[in-house]
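Everything on this sheet refers to the single structure shown next.
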Amino acid sequence: FIGKSLAGRRVLITAGPTFEPIDPVRGITNLSSGKMGYALARAAREAGADVLLVSGPTALAAPYGVRRVDVQTAQQMYDAVMSQVAGQDVFIAVAAVADWRVANASSHKLKKDAGGAMPALVFEQNPDILASVAALANKPYCVGFAAESGNLLEFGRAKREKKGIPLLVGNIGPDTFGSDRNELVLFDQNGHAALPAAGKLDLARQLIREIASRLRA
Ligand code: C5P
């Protein structure tokens, strides 16, 4: 298995946005395309791993040889991850998980002429999937992502520590959502290192190599 740096390893990845319902036909989501997470799933599979992808709603097909579990809400993503995490060697949280869900989602379609008053949404916080996995006693090697709009070097270091994970990957630039290209900064216990701008699959392959070498260390 020359070149198969993750042969025999099990890798769990979250990708895409989540969708938090307001009523049966409406909801709150974000502009995550899933491209970075799917590229990582493909690269991990190429490296010989057994890959499980837990995905929010995206327009993408599962990469060849990758098992996919489809979810909509952050709670469903949390439940899917927690039920599958035992025995995983690596967990890569790429999904753009909604921080908040609507606590008073309606079971019927909200009507604009129902009494004239605007509906008031009440929010409650979603579980932090990555922090929850990182807090497990038998945890896989955990990798997080961060999309910050400024001060990435400062926020990246702080976020790695706050989440309690060995490796945090920062997205540089405001245009990463939906783009085929990206630019990354890796934060670990030794500091930070840049992966210069490239296609997401190219970056995914580099990141998988970085993860594999840290697993062996
Ligand atoms: O705290 P913040 O949302 O910026 O952290 C981003 C990282 O945490 C990403 O890896 C994302 O997938 C993960 N995350 C998560 N569950 C949440 C929020 C973020 O797994 N509820």
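Using a/c under 1.5 as the rounded threshold, could you call region 1-144 rounded, prolate or oblate? The axes a ≥ b ≥ c are square roots of the C-alpha gyration tensor eigenvalues, and prolate needs a/b larger than b/c, oblate otherwise.
prolate
Which lysines have a Cα lying under 26 Å from the Cα of Lys109, excluding residues fewer than 8 positions away in the same chain?
none
Specify the angular offset, from 0 to 90 degrees and rounded to the nearest 10, of the alpha carbon long axis of helix 200-216 from the longest principal axis of the alpha carbons in the chain.
Long axis of 200-216 versus the principal axis of the chain: about 60 degrees.
About the Cα centre of region 107-214, how large is the charge dipole given +1 on each Lys and Arg Cβ and -1 on each Asp and Glu Cβ? Please answer in debye to the nearest 20. Intermediate results must be reported in sequence, preceding the final value.
Numbers: 14 positive and 12 negative charges, 56 e Å.
Dipole size: approximately 260 debye.
Would you list which aspartates and glutamates come within 20 Å of Lys111, measuring only between C-alpha atoms, while excluding same-chain residues fewer than 8 positions from it?
The qualifying aspartates and glutamates are Glu20, Asp23.
Give the angle, between 0 and 90 degrees and rounded to the nearest 10, that separates the Cα long axis of helix 152-163 from the longest principal axis of the Cα atoms of the chain.
Taking Cα atoms only, the helix is inclined about 80 degrees.
If you take the Cα atoms of region 30-110, find Rg, then find the Kirkwood Rh from the mean of 1/r over all pairs, what is Rg/Rh?
1.02
Taking the Cα centre as origin and putting +1 on Lys and Arg beta-carbons and -1 on Asp and Glu beta-carbons, what dipole magnitude results for the chain, to the nearest 20 debye?
480 debye
Over the chain, what is the relative contact order in whole percent, taking alpha-carbon pairs under 8 Å and six or more residues apart?
Details: 453 pairs, mean separation 43.6, N = 217.
Relative contact order here is 20 percent.
Counting C-alpha atoms alone, how compact is region 81-213: give Rg to one decimal and Dmax as a whole number, in angstrom.
Answer for region 81-213, Rg first and Dmax second: 18.6, 62 Å.
Quick check on the chain: helices-only [θ] at 222 nm, where DSSP H runs of length 4 and up contribute -39,500 (n - 2.57) each and the sum goes over total residues. Nearest 500, please.
Details: 5 runs with 58 residues, N = 217.
Computed mean residue ellipticity for the chain: -8000 deg cm²/dmol.
Let me have the relative contact order for region 94-185, percent, based on Cα pairs under 8 Å that are six or more residues apart.
So the answer I get is 22 percent.
How much of the pair distance distribution for region 126-200 lies past 18 Å, counting alpha-carbon pairs only, in percent? Don't skip to the end; give the middle numbers.
Working: 1143 of 2775 pairs.
More than 18 Å apart: 41 percent of the Cα pairs in region 126-200.
Would you list which lysines come within 24 Å of Lys162, measuring only between C-alpha atoms, while excluding same-chain residues fewer than 8 positions from it?
By straight Cα distance, Lys162 reaches Lys139.
Would you mind checking the tilt of helix 35-46 against the longest principal axis of the Cα atoms of the chain, expressed as 0 to 90 degrees and rounded to 10?
40 degrees
Considering the convex hull of the alpha carbon atoms of region 158-210, report its projected area averaged over all viewing directions, in nm², one decimal. If you can, show how the numbers build up before the last one.
Numbers: hull surface 15.4 nm².
Result: a mean projected hull area of 3.9 nm².
Once Lys and Arg get +1 and Asp and Glu get -1 on their Cβ, which of Ala131, Ile172, Ala158 lies farthest toward the positive end of the dipole of region 110-217?
The residue sitting most towards the positive pole is Ala131.
Pull out a ≥ b ≥ c, the square roots of the eigenvalues of the alpha-carbon gyration tensor of region 81-150, then state rounded if a/c is under 1.5, prolate if not and a/b is larger than b/c, and oblate in the remaining case.
Note, shape of region 81-150 comes out prolate.
Coordinate-derived values only; no laboratory data. Remember, it's a predicted structure, so these values are computed and weren't measured experimentally. All Cβ positions, glycine included, derive from the backbone under ideal geometry; neighbour counts span all protein chains shown.
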